[in-house]
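These notes are about the structure you will find just below.
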Amino acid sequence: MPSTTRQALLQALSAAGGAYISGQQLAGQLGVSRAAVHKAAAALTAQGYALEAVSRRGYRLLGGDPFCAEAVGPYPAPVQVYDTLESSNRTAKLLALDGAPHGTLVLTAHQSAGRGRLGRVFESPAGKGVYLSVLLRPVVPAASAQTATIGAAVAVCRAVQELCGLELGIKWVNDLYYQGKKVCGILTEAGTDLESGRLEWLVVGIGLNLTATAADWPPELAEKAGSLYPGGPAPVSRAALAGAIARQLLALCPAFDCLDEYRARCFVPGHWVTVCTGTETYAAKALAIDEEGRLVVQRENGRPQALRCGEVTTRPARTE
């Protein structure tokens, strides 16, 4: 059965706003047989949509958590949907090397080897989070790669606010928090033309915890990690939220002109933090985020310095 029939049926039922539409009416509207409507409805149900079929009344859409390309919504680039992947970033990078176009979206229900920054594992409970990677091909210098991470953080915040009505906070540089717990991580990876010094591609990976609970994570993460809707249900499907995030990110690319919004959402400046650079760990006061997206910190009795990368953890308040 062509996916266009499923998509047309989904659009028709969505437009009905929960009202019934008869099979005969749908067949006429879609230009297919009633048997084709029945098959399309069964296919949508298998994809996670909650459809109701009542004799002499027809079909209506009740919601559900559909996980398919159609549920992403209108999107200007290819959408690849998988039940499980080793890592959405790994798949997106392979697609980048194979010439996939700007905006290609990779979406998976589960990652068996999800990765975070600094080589960490990103836990991805099956069916309980939004795990996606977007391939970008901006014509910008390689040094601009970090601006994509800043743009991704803002894109997630905007999409969650739009579809869920929730406000997220940003912990420099790539973690998003809700009610004091980390709910989202971002990993940006790049391919560079060594001769020109320009980016050939960027892959922005985003993992957002939607309905996972403490039981879904290892003990060492259970107190730190959180979800938007622990235990569910969520008011939005994973695919629809992924589509909204990806569209927001594409709208910001290539300028990623959202630093002021990033600053407003970032809760780190003004706090004492522990800074880990990989070579040393020290306490400092976070002062601000500069025009390049770097975190400006000041050690005790030291001069301010700007961090382009590293890990920071907020510390308890202290008297200066």
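Provide the FRET efficiency to the nearest 0.05 for the residue 260-residue 143 pair, computing r from the beta carbons and using R0 = 30 Å. The formula returns an efficiency of 0.90 here.
The residues of the chain expose on average 47 square angstrom of accessible surface per residue, using a 1.4 Å probe on protein heavy atoms. Heavy-atom accessible area for residue 139, with the other protein chains in place and a 1.4 Å probe, reaches approximately 120 Å².
Between residue 4 and residue 288, the contour length at 0.36 nm per residue exceeds the Cα-Cα span by 97.2 nm. Values (i) 0.93; (ii) 1.16; (iii) 1.11 are given for comparison; Cα Rg over 2.2 N^0.38 Å, derived from the coordinates here, is the one labelled (iii). Computed packing ranks the peptides 142-153, 277-288 as 142-153, 277-288, most packed first, by mean other Cβ atoms within 10 Å.
When the solvent-accessible area of region 200-256 is split by element, carbon and sulfur atoms take up 57 percent of it, the probe being 1.4 Å.
The HN-Hα couplings worked out from phi for region 61-77 by the Karplus form 6.51 cos²θ - 1.76 cosθ + 1.60 (θ = phi - 60°) are 9, 9, x, x, 10, x, 10, 7, 4, 4, 6, 5, x, x, 8, x, 9 Hz, whole numbers, x standing for Gly and Pro.
Reported value for region 158-273: 147 Å³ per residue, from the convex hull of its C-alpha atoms. Does anyone have the angle between helix 145-164 and the longest principal axis of the chain? Alpha-carbon axes, 0 to 90°, nearest 10? On a 0 to 90 degree scale, this one is about 50. Put simply, the amide H of residue 50, placed in the peptide plane, has neighbours under 5 Å in 62, 63, 64, 65, leaving out anything fewer than 5 places away on its chain. Taken one residue at a time, the phi angles of region 167-173 give Karplus couplings (6.51, -1.76, 1.60, θ = phi - 60°) of 9, 9, x, 10, 9, 3, 10 Hz. Gly and Pro are set to x.
Surface listing: 38, 110, 271 arranged by accessible area from highest to lowest gives 38, 271, 110, probe 1.4 Å.
Nearest 20 debye, what's the magnitude of the dipole of region 1-140 about its Cα centre given +1 on Lys and Arg Cβ and -1 on Asp and Glu Cβ? Intermediate results must be reported in sequence, preceding the final value.
Values: 13 positive and 7 negative charges, 18 e Å.
Value, rounded to 20: 80 debye.
By the helix-only formula, in which each DSSP H run with n ≥ 4 contributes -39500 (n - 2.57) and the sum is divided by residues, the chain has a 222 nm mean residue ellipticity of -8500 deg cm²/dmol.
Available extension along the chain between residue 166 and residue 313 is 50.6 nm, counting 0.36 nm per residue and deducting the alpha carbon span.
Restricting the trypsin sites (Lys or Arg not before Pro) of region 49-126 to loop positions (DSSP other than H, G, I, E, B) with no more than 14 neighbouring Cβ atoms within 10 Å leaves 56, 57, 120. The lysines whose alpha-carbon is closer than 25 Å to the alpha-carbon of residue 285, local same-chain residues fewer than 8 away aside, are 171, 181, 182, 224.
Using the Karplus relation 6.51 cos²θ - 1.76 cosθ + 1.60 with θ = phi - 60°, the per-residue 3J(HN,Hα) values for region 28-35 come to x, 5, 8, x, 9, 7, 5, 5 Hz, with x marking Gly and Pro. Estimated from the Cβ-Cβ distance and a Förster radius of 22 angstrom, the FRET efficiency linking residue 181 and residue 296 is about 0.25. In region 228-320, one over the average inverse separation of all distinct C-alpha pairs is 15.8 Å, which is the Kirkwood hydrodynamic radius. Taking 0.36 nm per residue of separation and subtracting the current Cα-Cα distance, fully stretching the chain between residue 272 and residue 86 would add 63.3 nm.
The values are calculated or read from the model by the stated rules, or taken from the named source; none is laboratory data. Fair warning: this is a prediction, and the values are worked out from it, not measured in the lab. Methodologically, a virtual Cβ is constructed for each residue, glycine included, from the backbone with ideal geometry; neighbour enumeration extends over all protein chains shown. When the accessible area is computed, the model is the full protein with side chains, heavy atoms only, and any ligands, DNA or RNA have been set aside. Shrake-Rupley method; radii C 1.70, N 1.55, O 1.52, S 1.80 Å.
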